[in-house]
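Student: Below: one structure in structure tokens.
The values are calculated or read from the model by the stated rules, or taken from the named source; none is laboratory data. Please read these numbers as outputs of a predicted model, since none were measured by experiment. Here the Cβ positions follow ideal geometry from the backbone for every residue, glycine too, while neighbour counts run over all protein chains shown.
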Amino acid sequence: MNAHRVLKPAAALVLGAVVAGVCAAAAAAAPPSNTRRPSLSGTLRDGSTLTAYNGRWTNNPTSFGYEWLRCGSGGANCVQIAGANNKRYTLTSADVGHRMRIEVIATNSSGSTSATSGASGIVRAVGSQPHNTSAPAISGTAKEGQTLAASTGSWTGTSPITYTYQWSRCDGAGANCAAIQGATGQTYNLTTADVVHTMRVTVRGTNKVGSNPATSHQTALVAPASSGGAAISVSTVALPDRLVVDNVKFSPQPLGSRRTLTGRFHVADTRGFSVQGALVYAIGLPYGWTRNTPEVTTDGNGWATVAFTPTRRLPLQRGTYLVVFVRARKPGDSTLAGVSSRRLVQARIR
């Protein structure tokens, strides 16, 4: 009998099935192995749905599981999202500003293996950022000790919009502003440090999409609670504000002889600012009791000093007074117009 028989077709089919089963059993003897990373697709906006793709695996996975991960803006520091274990995931507002990854777990009879996708782009919020259409405004009196209040102005953008505030101290033109530490409320109480400055407030509107700032116009110069202190330039004084001679000092008092009488005159404006650079003219009355004096310019604190030299006509009788006519004006203005002012004062003799 020939030892090399030819198998019948039926026997060959049986043998092929046996070989295939052996190969499958060998493959299932190892857990799945990933050969191409999983991926995800979908629109990266809150409310949109992302879909996971398994990638490619060897060793015949029989099932797949999913874990959606929320990562930092750089794609690291990922955390599992509780309950997000399906092939699809709907983005929420908590995902805005983050990147997403999908972890796929492949399983067969020999075990499970996981593989994670690359990071997605950053999830953006649906809607539009706040946009200011009418600048914030400041109400209240610009004077030391008074309280200013900010309005938000008008805004467009996806609701709700929340607002924060930052007050700043600026120069007289509203420039060179510096934020005031801790001044972050809707109201602000003016302090001594604000005097001779203007104020601005920056309002920031924020919603789930983003945030934008808007800054108010500057206030008027902040006036002191009372006259005195550092002075403003007379060039900044304009109608309806006017100059005021608000303080007068004579030395010596009383004048007991025909020696020089010194008069000091303080000039402010009607807002209470001391004024530097104002021209002060003073003359004793009746005419002839003292010699005429030239105009004197006020100093950095608003004071002008005038020396009155008595003549022989000045009486030295007890109870006599020298009346002094004082005028303060802005250089370039008429002596009778503009912001000028006049006042009569008196110095006691004996």
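Student: Restricting the search to segment 132-148, which residues are surrounded by 14 or more Cβ atoms within 10 Å (Cβ to Cβ) and either in the same structural domain as Gly72 (by TED's automatic domain parsing) or part of a strand (DSSP E or B) (or both)?
Tutor: Correct list: Asn132, Ile138, Lys143, Leu148.
Student: Only residues that are in contact with a Pro (Cβ under 7 Å, 6 or more places away or on another chain) and at pLDDT 95 or above: list them for segment 174-210, please. Break it down into steps so the answer makes sense when it comes.
Tutor: Keep residues of segment 174-210 that are in contact with a Pro (Cβ under 7 Å, 6 or more places away or on another chain), which gives 195, 201-207.
Once the filter is applied, which keeps residues that are in contact with a Pro (Cβ under 7 Å, 6 or more places away or on another chain) and at pLDDT 95 or above, segment 174-210 yields Val201, Thr202, Val203, Arg204, Gly205, Thr206.
Student: Next question. Filter segment 149-168 for residues that are polar (S, T, N, Q) and either outside any loop (DSSP other than H, G, I, E, B) or touching a Ser or Thr at 6+ places or on another chain (Cβ under 6 Å) (or both); which is surrounded by the most Cβ atoms within 10 Å (Cβ to Cβ)?
Tutor: Of segment 149-168, the ones polar (S, T, N, Q) are 151-152, 154, 156, 158-159, 162, 164, 166, 168.
Imposing the further condition that a residue be either outside any loop (DSSP other than H, G, I, E, B) or touching a Ser or Thr at 6+ places or on another chain (Cβ under 6 Å) (or both) reduces the set to 154, 156, 158, 162, 164, 166, 168.
Working: Ser154: 12, Thr156: 13, Thr158: 15, Thr162: 10, Thr164: 14, Gln166: 18, Ser168: 21.
Here the answer is Ser168.
Student: Still on this structure, please answer the following. Can you pull out every residue in segment 322-350 that is crowded, with 21+ Cβ neighbours inside 10 Å and of a type in the set (Gly, Ala, Ser)?
Tutor: Scanning segment 322-350 gives Ala328, Ala347.
Student: Given the structure, is Asp171 acidic (Asp, Glu), out of contact with any Phe, Trp or Tyr (no Cβ under 7 Å at 6 or more places or on another chain) and surrounded by fewer than 19 Cβ atoms within 10 Å (Cβ to Cβ)?
Tutor: Against the criterion (acidic (Asp, Glu), out of contact with any Phe, Trp or Tyr (no Cβ under 7 Å at 6 or more places or on another chain) and surrounded by fewer than 19 Cβ atoms within 10 Å (Cβ to Cβ)), Asp171 qualifies.
Student: Condition first: surrounded by 14 or more Cβ atoms within 10 Å (Cβ to Cβ), of a type in the set (A, V, I, L, M), within 30 Å of Ala94 (Cβ to Cβ) and not assigned by TED's automatic domain parsing to the domain that holds Trp303. Can you find one or more residues in segment 189-203 that meet it?
Tutor: Scanning segment 189-203 turns up at least one residue that is surrounded by 14 or more Cβ atoms within 10 Å (Cβ to Cβ), of a type in the set (A, V, I, L, M), within 30 Å of Ala94 (Cβ to Cβ) and not assigned by TED's automatic domain parsing to the domain that holds Trp303.
Student: What number of residues within segment 277-321 satisfy the criterion of being buried (at least 17 other Cβ atoms within 10 Å of the Cβ) and more than 20 Å from Arg342 (Cβ to Cβ)?
Tutor: Of the residues in segment 277-321, 2 are buried (at least 17 other Cβ atoms within 10 Å of the Cβ) and more than 20 Å from Arg342 (Cβ to Cβ).
Student: Counting only residues that are assigned to a strand (DSSP E or B) and either closer than 30 Å to Gly157 by Cα or among the acidic types (Asp, Glu) (or both), how many does segment 180-229 have? Walk me through it before giving the result.
Tutor: Filtering segment 180-229 down to residues assigned to a strand (DSSP E or B) leaves 187-189, 198-206, 211-215, 223.
Pick out the ones that are also either closer than 30 Å to Gly157 by Cα or among the acidic types (Asp, Glu) (or both) and you get 187-188, 199-206, 211-215.
Residues flagged as assigned to a strand (DSSP E or B) and either closer than 30 Å to Gly157 by Cα or among the acidic types (Asp, Glu) (or both) within segment 180-229 amount to 15.
Student: So which residues in segment 316-335 are of a type in the set (Gly, Ala, Ser) and either at pLDDT 95 or above or farther than 22 Å from Leu279 by Cβ (or both), if there are any at all? Talk me through it step by step, then tell me what you get.
Tutor: So the first thing to find is which residues in segment 316-335 are of a type in the set (Gly, Ala, Ser), and the list is 319, 328, 332, 334.
Result: Gly319, Ala328.
Student: I need a count of the residues in segment 59-86 that are surrounded by fewer than 16 Cβ atoms within 10 Å (Cβ to Cβ) and either touching a strand residue (DSSP E or B) at 6+ places or on another chain (Cβ under 6 Å) or not small (Gly, Ala, Ser) (or both). Full working, then the answer.
Tutor: First pass over segment 59-86, keeping only residues surrounded by fewer than 16 Cβ atoms within 10 Å (Cβ to Cβ): 60, 62-63, 65, 72-74, 76-77, 79-80, 82-83, 85-86.
From the residues that got through so far, the ones that are either touching a strand residue (DSSP E or B) at 6+ places or on another chain (Cβ under 6 Å) or not small (Gly, Ala, Ser) (or both) too are 60, 62-63, 65, 77, 79-80, 85-86.
Final tally of qualifying residues: 9.
Student: Any residue that is within 30 Å of Thr158 (Cα to Cα), at pLDDT 95 or above, among the small types (Gly, Ala, Ser) and out of contact with any Lys or Arg (no Cβ under 6 Å at 6 or more places or on another chain) - is there at least one of those in segment 47-58?
Tutor: For segment 47-58, residues within 30 Å of Thr158 (Cα to Cα), at pLDDT 95 or above, among the small types (Gly, Ala, Ser) and out of contact with any Lys or Arg (no Cβ under 6 Å at 6 or more places or on another chain): absent.
Student: Restricted to segment 87-109, and to residues that are surrounded by fewer than 18 Cβ atoms within 10 Å (Cβ to Cβ) and in a loop (DSSP other than H, G, I, E, B), which residue is nearest to the chain's Cα centre (by Cα)?
Tutor: It comes out as Gly97.
Student: Applying the selection to segment 265-276, what residues are surrounded by 24 or more Cβ atoms within 10 Å (Cβ to Cβ) and over 11 Å from Val245 (Cα atoms)?
Tutor: Matches in segment 265-276: Phe273 only.
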